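Everything below concerns the one structure shown next.
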Amino acid sequence: MIFCSLYSGSSGNSIFISSKETKILVDAGLTGKSIISALENIGERPEELQGILITHEHSDHIKGAGILSRKYNLPIYANEKTWVAMERSLGKIKPEHIKLIDKEFVVGDLEVSSFRVPHDAVACRGYTISHGGKKISVATDMGVFTEEIRRNII
């Protein structure tokens, strides 16, 4: 698996994760143009992405998600409360690209489990992405480190 933080901080967040077959983003908190440029800078093609996982609805995590979804026909994965909170900010998203997630789901050949992260958002989630016996966990903007987070990232 490949993991690359494209951007991190209050100006925007986006993480690229891939296996040999599947390429995703966790968050898309900068302009679509900035994220496309960052992907190209690491030798990745944005048209090969297969989805965007959203941790929470704050603009520094979703700013480019709508444009990337429209431009590259990408599904956007989020829990229902987060989707409702961010829907207006994303612009028009094709119904088939709205992916409401449960605790566990699959994107391509990546197995994903989500877990709660305390933050001032409606339903902030962290993700553990697994493939081929390896895993990567992403937990952003944590208010506190909880037992649930610990169980999910170790």
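The values are calculated or read from the model by the stated rules, or taken from the named source; none is laboratory data. Computed from a prediction, not measured in an experiment: that's the story for all the values here. Positions of Cβ are backbone-derived with ideal geometry, glycine not excepted, and every protein chain shown enters the neighbour counts. The protein model used for the area step is the full one, side chains on, heavy atoms only, and it has no ligands, DNA or RNA in it. Shrake-Rupley method; radii C 1.70, N 1.55, O 1.52, S 1.80 Å.
Beta carbons closer than 6 Å, at least 6 apart along the sequence or on distinct chains, pair a first residue in the range 127-144 that is within 19 Å of residue 25 (Cβ to Cβ) and open to solvent by 80 Å² or more (accessible area, probe 1.4 Å) with a second that is in a strand (DSSP E or B) and at pLDDT 95 or above for 135/128. Within the range 45-59, the presence of at least one residue that is farther than 29 Å from residue 132 by Cα, open to solvent by less than 50 Å² (accessible area, probe 1.4 Å) and charged (D, E, K, R) is confirmed. Selection over the range 119-148 of residues that are over 17 Å from the mean Cα position of the chain (by Cα) and of a type outside the set (Phe, Trp, Tyr) gives a count of 9. For residues in the range 75-99 being in a loop (DSSP other than H, G, I, E, B), more than 26 Å from residue 153 (Cβ to Cβ) and not β-branched (Val, Ile, Thr), which is most open to solvent (accessible area, probe 1.4 Å)? Ranking the candidates gives 92 first.
In summary, residue 102 fulfils each of the numbered conditions (1) part of a strand (DSSP E or B); (2) surrounded by fewer than 19 Cβ atoms within 10 Å (Cβ to Cβ) with the single exception of condition (1). The set of residues in the range 5-25 being polar (S, T, N, Q), open to solvent by 30 Å² or more (accessible area, probe 1.4 Å) and part of a strand (DSSP E or B) consists of 5 alone.
Applying the set (1) aliphatic (A, V, I, L, M); (2) open to solvent by less than 10 Å² (accessible area, probe 1.4 Å); (3) farther than 19 Å from residue 129 by Cβ to residue 28 leaves exactly one unmet item: (3). Return the residues of the range 107-154 that are under 18 Å from residue 4 (Cα atoms), in contact with a helix residue (DSSP H, G or I) (Cβ under 6 Å, 6 or more places away or on another chain) and in a strand (DSSP E or B); say none if nothing qualifies. 128, 137 - these are the residues of the range 107-154 that are under 18 Å from residue 4 (Cα atoms), in contact with a helix residue (DSSP H, G or I) (Cβ under 6 Å, 6 or more places away or on another chain) and in a strand (DSSP E or B). Taking the criterion of being more than 18 Å from residue 101 (Cβ to Cβ) and assigned to a helix (DSSP H, G or I), the residues of the range 53-67 that qualify are 59, 60, 67. Residues in the range 71-96 that are under 15 Å from the mean Cα position of the chain (by Cα) and within 24 Å of residue 2 (Cα to Cα): 74, 75, 76, 77, 78.
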